[in-house]
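Just below is one structure, and these are the notes that go with it.
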Amino acid sequence: MNRKPYIAGNWKMNLDRRAAVALAAALREACQAFTDRDVAVFPPFVYLDEVARTLAGSKVRVGAQNMCDAANGAFTGEVSAAMLLDVGATSVILGHSERRQLFGETDEGIGRKVRTALGAGLDVILCVGETLDERNTQATERVVGRQLTKGLEDLTLDQMAKVTVAYEPVWAIGTGLNATPKQASDVHTYLRGLLAGLFSPKVAQATRIQYGGSVKPENARDLLTSPDVDGALVGGAALKPDSFLAIARFR
Ligand code: PGA
């Protein structure tokens, strides 16, 4: 199975309106030629509308970094799937480790968000990843296995066509300390095996698994050409067109 690489930029809580639109405009032009890879950006909520307009009709898709698991109602401060679609987002990142660690998100809650997002018609990037303690105590497979299983609970085989998994070791995020290609590849292969059991071998072969955590132009090629690695979820290096594009052009 030939999986198309998928390179996504998670802008986190960075940039201002002018910088967000300028970055989007630069990517719009540079990505027009891409046919063999998918590219997406995930700006802060308040810039989604303008970034989506800037990228309308281009090769670059736009998504959000989070959303509410409820459809609408009295949820002060939250944003719904329908609202994301309304402003031109077609995708959402769910279960990022910063959401899990800093905002108390649980496996169960993330699973609910995944079901809501897919039910509304959004694509999903589901993030999983172990802490350094968990890696050092040989708990990596148990932790990412639980996060994957709960995050994808109750999905149909068809719904899995709209899901990307991102393996992001917490110790590698924003630290400059990326996983080695072998470390990444081993976990990706493990996750793909789990997907075969949870869904089907066909779904496992078709599902893209991105690596995330200190991906830079200098390490992108080695990481992204490793077995079972199908692209990257990029944080810091996604904030500048040159570094993001260098990663997107890893080969
Ligand atoms: P980083 O972040 O590339 O800055 O390590 C990755 C992420 O959190 O998605």
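What to note about this one:
- Criterion: near the ligand (Cβ under 9 Å from one of its atoms) and assigned to a helix (DSSP H, G or I) - qualifying residue of A237, A246: A237
- For segment 149-160, a tally of residues being in a loop (DSSP other than H, G, I, E, B) and more than 19 Å from R3 (Cβ to Cβ) returns 3.
- Within segment 191-226, restricting attention to residues that are in contact with a Pro (Cβ under 9 Å, 6 or more places away or on another chain), open to solvent by 10 Å² or more (accessible area, probe 1.4 Å) and not β-branched (V, I, T), the residue that is nearest to P43 (Cα to Cα) is R208.
- When the residues of segment 93-140 are filtered to those that are hydroxyl-bearing (S, T, Y) and part of a loop (DSSP other than H, G, I, E, B), the one that is least open to solvent (accessible area, probe 1.4 Å) is T131.
- Of the listed requirements (1) under 17 Å from the mean Cα position of the chain (by Cα); (2) assigned to a loop (DSSP other than H, G, I, E, B); (3) of a type outside the set (D, E, K, R), V79 misses just one: (1).
- Residues that are within 14 Å of the ligand (Cβ to nearest atom) and out of contact with any helix residue (DSSP H, G or I) (no Cβ under 8 Å at 6 or more places or on another chain), drawn from segment 120-145: I125
- The residues of segment 25-51 that are small (G, A, S) and within 12 Å of L239 (Cβ to Cβ) amount to a single one, A26.
- Residue check: A179 meets all listed conditions (1) within 14 Å of the ligand (Cβ to nearest atom); (2) at pLDDT 95 or above but one, namely (2).
- Restricting segment 161-183 to residues that are in contact with a Ser or Thr (Cβ under 6 Å, 6 or more places away or on another chain) and part of a helix (DSSP H, G or I), the residue that is least open to solvent (accessible area, probe 1.4 Å) is A172.
- Among residues of segment 1-14, those that are open to solvent by 60 Å² or more (accessible area, probe 1.4 Å), modelled with pLDDT of 95 or more and more than 15 Å from the chain's Cα centre (by Cα), counted: 2
- Take the conditions (1) away from the ligand (no atom under 16 Å from the Cβ); (2) crowded, with 17+ Cβ neighbours inside 10 Å; T156 misses just one of them, which is (2).
- Which listed residue, of S58, S97, is more than 16 Å from the ligand (Cβ to nearest atom) and touching a Cys at 6+ places or on another chain (Cβ under 7 Å): S58
- Against the list (1) farther than 27 Å from V60 by Cα; (2) away from the ligand (no atom under 16 Å from the Cβ); (3) of a type outside the set (K, R); (4) within 15 Å of the chain's Cα centre (by Cα), the condition A117 fails is (1).
- Only one entry of D158, D242, D228, D186 meets the criterion of being over 18 Å from the mean Cα position of the chain (by Cα) and more than 24 Å from V62 (Cα to Cα), and that entry is D186.
- Contacts under 7 angstrom Cβ, first residue in segment 187-204 being closer than 14 Å to T149 by Cβ and in a helix (DSSP H, G or I), partner modelled with pLDDT of 95 or more and polar (S, T, N, Q), 6 or more apart: L195/T207; L198/T149
The values are calculated or read from the model by the stated rules, or taken from the named source; none is laboratory data. Because the structure is a prediction, the values reported are computed rather than measured. FYI the Cβ positions are ideal-geometry reconstructions off the backbone, even for glycines, and counts take in every protein chain you see. Just so you know, the surface numbers come from the protein's heavy atoms only, side chains and all, with ligands and any DNA or RNA stripped out. Shrake-Rupley method; radii C 1.70, N 1.55, O 1.52, S 1.80 Å.
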